[in-house]
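Novice: Here it is, the structure, as structure tokens.
Each value in this text was obtained by applying a stated rule to the coordinates, not by laboratory testing. This is a predicted model, so every value here is computed, not measured. All Cβ positions, even for glycine, are placed from backbone atoms using ideal geometry, and neighbour counts span all protein chains on display.
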Amino acid sequence: MDSDLLEPVTAFKQKFKDKCKLETEKYFNDLVKTSKVDVELNRTTVKKYNVKVANMNKVGKIVKRNKVLRGFLIFFIVASFIASLVFFLNVNNSFLGLTQPIIIVIGILTLLLGVGLILLIVLLVNKTIKNNSAIYNKLNEEAEALKSLGYSQLESLCNLFDWGMDTDICNKTNPSIVIDKYFDNKKMDYLQGKYGFNGCANMDHSTLGVISGSIVGNPFLVLKDLVFSWAQKVYTGSIVITWTTMETDSKGHLHSVSHTQTLTASVTKPCANYQTETYLIYGNDAAPDLHFSRVPTNINNMSDKEINKAIKNDAENLEEKERKSISSGKYFTKMSNDEFEVLFNATNRDNEQEFRLLFTALAQQNIIKILRSREPFGDDFTFVKDGPINKIESKHAQEVNFACSPEYFKSFDYDDVYARFSTHCNAFFQSLYFDLAPLLSIPLYQMNKPKEYIYKKSYPSNYTSYEHEVMANSFDVKLLNNKEAKTMAILKTNIIQKDGGYDRVLVTAHSYKTEILTEFITKVGGDGLPHSIPVNWVHYIPVTNQVPMEMKCSNTTRNGVIENKKNEDYNILINNLQQNGGVSFRKGVISFLLANGNDVSKEVLETIDKYIK
């Protein structure tokens, strides 16, 4: 067994953290070398751009200050004319105790002040604004030209970015964790037939991204799903009521008094809710009859002193739980390591023998290191073991883009491109590694190599339903969703037929249209009478839409697709497919929708094959 798998936290700190940085830098430098971009020339361009932007911002501030000044001057002009008018209208009156000559002089002076300020604006301020605005616009044009130049200088590099670069770097960083190019049918068959995994059958989940791999032959998946669920939403409504009462005042006079009251009411109704969820699935035969779950504790927000105190207090509670479980026949037996028992907190386990088989002294030590180490993530993960299937869902994984588009790295600034690439790849490896860390912490998992599995001789499709859903979700949902839908769509797929290297699948979009309904709630007002209060709420009505999709894997890279676009025949072909429904290329897979009901001829498929060998 690889010694790096025995103590994952230590291995990360002493080896893999720095190795990932080095592999990322090497991978990027190889791309730069292949692209033949002139790095220093681009840096010179960016430096000129930054100077232009800095000057543009300075001029922009001058323009802004002068516009503010003009606003103040206009205010004083208006005030001056008003003041002058007031003084002239009161020239024959004793205004403010002033004599008539003084009133006339002040009126003339305020009038001249207004005229003078108008001349100041026309002759100086407006001219300054106009001149500086022209300078600003010229600088902006020059800056945009430099930015365009920067993009063109880095075009050959940015075209080389492709899906799967981050997984390539992971494979180079830690060869013990093997990540596949695709989630293929054999691994799907293995997970389903050997471990009983059937995750894609969940109709409320649609796969946005999938990564498959293995550790010592034991398979894992990282899935990013769009998840539908029903939430509860409170809708409110209100009416205003008025009534009149007769009251007697202190003098004994009777008079009417009007009263006003706002009556409010609310109703709670189901509301469609969509969110993304990223989680890891791992299959292993070790301890096949063991089930448990644990959720994150609050120790990330506690000091070491507070953690130790909590361990002491909770250990006493576990002893009480042990006594009660024995009397009830559940037989929970607390382990001697209080720190592990309290922090891991998997007390709902159902097989003490297999639990101890998994969590040896070394495994306990490794788990404690993960949980107590605040860097990089600490205790932020859920761990569910359901027989041979293990599920890890962490908070940090929700924040990492496991299906990062190559377009994300595109920039006109070489150093910005590298910063984006380096930050993403290091975060990707770190997140994946620490999702696997609780599993790597268990030596028995690494020692348990899977037995030989008899695969099916053939499969009904070239690609798994997960990869089908990923490709369906790569399209604009408007191309697939029902025209009446007002919500997002959960996309599910069914294979229609396998034709050579092509899969034709039927994509079904499950979504909801809405209508506004009104519910009337009766409440008694201050007038003592019942009132009906209307509350409008949204009613969700399920709708579906189905669109056929063709997809095929190729060895073509993203750069190859970009190069193909230079071919006129290829462009005509792609434009025709776009008009028919849409085209998507991702992870070496080309797919196109048949949204308009037009089939794709065999000749067209053969033509596509020429370009995506």
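Novice: Measure nothing but the geometry: give the 0 to 90° angle between the long axis through the Cα atoms of 568-580 and the longest principal axis through the Cα atoms of the chain, rounded to 10°.
Specialist: 80 degrees
Novice: At a Cα cut-off below 19 Å, give the aspartates and glutamates reachable from Lys309, other chains included and same-chain residues fewer than 8 away excluded.
Specialist: The reachable aspartates and glutamates, counting only those whose Cα sits under 19 Å from Lys309, are Glu319, Glu320, Asp338, Glu339, Glu341, Asp379.
Novice: Mind checking which lysines have their Cα closer than 16 Å to the Cα of Lys138? Skip sequence neighbours fewer than 8 apart in that chain.
Specialist: Partners found: Lys48, Lys52, Lys58, Lys61, Lys130, Lys147.
Novice: Would you mind ranking Glu452, Glu484 so that the residue whose beta carbon has the fewest other beta carbons within 10 Å leads the list?
Specialist: Sorted ascending by nearby Cβ count, the order is Glu452, Glu484.
Novice: Tell me, what ³J(HN,Hα) does each residue in region 550-567 have, in order and in whole Hz, if you take phi through Karplus 6.51 cos²θ - 1.76 cosθ + 1.60 with θ = phi - 60° and put x for Gly and Pro?
Specialist: For region 550-567, the Karplus-derived couplings read 9, 8, 8, 7, 9, 9, 6, 8, 4, 5, x, 5, 4, 5, 4, 5, 7, 8 Hz, x marking Gly and Pro.
Novice: Compute the long axis of helix 100-120 from its Cα atoms, compare it with the longest principal axis of the Cα atoms of the chain, and write down the angle in degrees, 0 to 90, nearest 10.
Specialist: 40 degrees
Novice: Same structure again: Once every DSSP H run of n ≥ 4 in the chain is given -39500 (n - 2.57) and the sum is divided by its residues, what mean residue ellipticity at 222 nm do you get, rounded to the nearest 500 deg cm²/dmol?
Specialist: Value at 222 nm, helices only: -14500 deg cm²/dmol.
Novice: What angle, in degrees between 0 and 90 and rounded to the nearest 10, separates the Cα long axis of helix 39-89 from the longest principal axis of the Cα atoms of the chain?
Specialist: 30 degrees
Novice: Under 21 Å from the Cα of Lys269, which lysines turn up, not counting those fewer than eight places away in the same chain?
Specialist: Counting by Cα, and skipping residues close in sequence, Lys269 has these lysines nearby: Lys233, Lys486, Lys513, Lys523.
Novice: Please state the relative contact order of the chain as a whole percent: Cα pairs under 8 Å, 6+ residues apart?
Specialist: Reported as a whole number, the value is 15 percent.
Novice: Then there is this: Only Cα pairs under 8 Å and at least 6 apart count here; give the relative contact order of region 39-158 as a rounded whole percent.
Specialist: 46 percent
Novice: Taking the Cα centre of the chain as the origin, how large is its charge dipole in debye, to the nearest 20, when only Lys and Arg (+1) and Asp and Glu (-1) carry charge on their Cβ atoms?
Specialist: Once rounded to the nearest 20, the dipole reads 1700 debye.
Novice: If you don't mind, another one. Using +1 at the C-beta of Lys and Arg and -1 at the C-beta of Asp and Glu, which of Leu98, Asn42, Phe72 has the Cα lying farthest in the positive direction of the dipole of region 39-158?
Specialist: It is Asn42.
Novice: Do the alpha carbons of any pairs in Lys187/Lys498; Lys492/Lys587; Lys457/Lys498; Lys385/Lys492; Lys26/Lys187; Lys13/Lys36 sit beyond 25 Å of each other, and which pairs?
Specialist: Pairs exceeding 25 Å: Lys385/Lys492; Lys26/Lys187; Lys13/Lys36.
Novice: Separate question: Counting other Cβ atoms within 10 Å, which trypsin sites (Lys or Arg not before Pro) in region 163-214 have at most 15 and lie in a DSSP loop?
Specialist: Those that pass, being in a loop and sparsely packed, are Lys181.
Novice: Same structure again: Once you have a ≥ b ≥ c as the square roots of the Cα gyration tensor eigenvalues for region 5-76, tell me rounded if a/c is under 1.5, and otherwise prolate or oblate according to whether a/b is larger than b/c.
Specialist: oblate
Novice: Pairs of Cα atoms under 8 Å, at least six residues apart: use those to get the relative contact order of region 222-304, whole percent.
Specialist: Worked out over region 222-304, it gives 39 percent.
Novice: Is the C-alpha gyration tensor of region 386-471 telling us rounded, prolate or oblate? Criteria: a/c under 1.5 is rounded; beyond that, a/b larger than b/c is prolate, otherwise oblate.
Specialist: Oblate shape, in that a/c is at least 1.5 and b/c is the bigger or equal ratio.
Novice: Could you give the distance between the Cα centres of region 381-438 and region 241-266, to the whole Å?
Specialist: Each part's Cα centre sits 65 Å from the other's.
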